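For reference, the structure is listed below as structure tokens.
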Amino acid sequence: MLAHELRIVIGVDTHKRTHTAAVVSSTGAVLEHLTVCADPQGFKHLIAMARRLGDPRVWAVEGTGTFGAGLTTALLSAGERVVEVDRPKRPPRRAGVKNDEIDAVRAARQALSEEAWAEPRARGDREAIRVLLVTRSQVVDFRARTIAAIHALVTTAPDNLRERLRHLPVRSLVETCASMRGSARQSAEEYATTMALRAASRRALTLAAEAQDLESQLGALVAKAAPTLVQRTGVGTVVAAQVLTSWSHKGRVRSEAAFAKLAGVAPIEASSGQTVRHRLSRSDDRQLNRALYTIVLVRMRLDGRTKAYVSRRTVEGKSTKEIMRCLKRYVARQLFRELEAMPTTT
């Protein structure tokens, strides 16, 4: 534990409109509470309180990337030391009591009990990549739902429309429906279906253009942050953006084993009786795990060394899932070493 290095820990329970701070000594005793508005003036009040209480100190902030993002930025700009603590799904309660002050104290004591602290993720280019990545993911999801709605409309459309459209591939279907026009000769049902198909298809085309534009912006940021990353087999713009977002910055993840655990690819023993085997974790950062899965899938199809590895492990009796588990672990090690070796950028 790192409590012996500190005089105080300031735990902060963050919310949309207010933040509650609890000052806890290195022995766990509660010294002071303060609730402020979640705005620059409130941040100044918290920093002034901390400086009045003295050094050395550390801030244990919940939600450094969400409700606590503004406070975290202000603290780092003021030269304060900030660590990230998790929001519990079910905060511990005594006699059914729960309030912001109790949560702030719990955050401080959680930091005191940790063997190693998690740094907040970086802002700047990393945050720019994250917001574009999240927005693109939403756009792609909306487009998929829209295309599903188009297929549903075609399935229930009047016979002449259905026969005209149902055998078309997705791209041709969307383009054809987007150019359709209603006619006074059509029945009310056919006219309404035509208009619905046209509206949905034009929405799908707009969403596709938005996704492409966002990916282009992502490509520029990724090329600036990690120009060699996208040269790796299986690492495209979106995958590289996710890896950079999860990794954040040099030194945040303390080892390649910790990066593998963050990605959910650290092997977990699942032996029983005479069977000795390992499986992958199903927790941690699932988006990073999906990025590694994508890399492995591509390499299993295109990379000669990966194909040879799969053939050798298959002969040894490994299942495809077990082989992919090993490959994801290797990819995590490779990516982490490359990320940590990159020159630091601002």
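The values are calculated or read from the model by the stated rules, or taken from the named source; none is laboratory data. This structure is a prediction, so every number in the text was calculated from the model and none was measured. All Cβ positions, glycine included, derive from the backbone under ideal geometry; neighbour counts span all protein chains shown.
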- Here, helices (runs of 4 or more DSSP H) confined to the stretch 249-346 with at least 1 residues that are within 20 Å of Glu119 (Cβ to Cβ) and of a type in the set (Lys, Arg) are 256-262, 320-341
- Task: Just name the residue that is nearest to the chain's Cα centre (by Cα) out of those in the stretch 159-178 that are exposed (fewer than 14 other Cβ atoms within 10 Å of the Cβ) and part of a loop (DSSP other than H, G, I, E, B).
- Result: Pro169
- Query: Taking interchain pairs and intrachain pairs at least six residues apart, which have beta carbon atoms under 8 angstrom, with the first residue in the stretch 200-219 and over 20 Å from Ala178 (Cα atoms) and the second among the polar types (S, T, N, Q) and buried (at least 17 other Cβ atoms within 10 Å of the Cβ)?
  - Reply: Glu215/Thr237; Leu218/Thr237; Gly219/Thr237
- Any idea which of Thr146, Thr206, Thr194, Thr233 is touching a Gly at 6+ places or on another chain (Cβ under 8 Å) and either surrounded by 12 or more Cβ atoms within 10 Å (Cβ to Cβ) or in the same structural domain as Leu327 (by TED's automatic domain parsing) (or both)? Thr194
- Query: Do we find a residue being within 28 Å of Ala258 (Cβ to Cβ), at pLDDT 90 or above and assigned to a strand (DSSP E or B) anywhere in the stretch 17-35?
  - Reply: yes
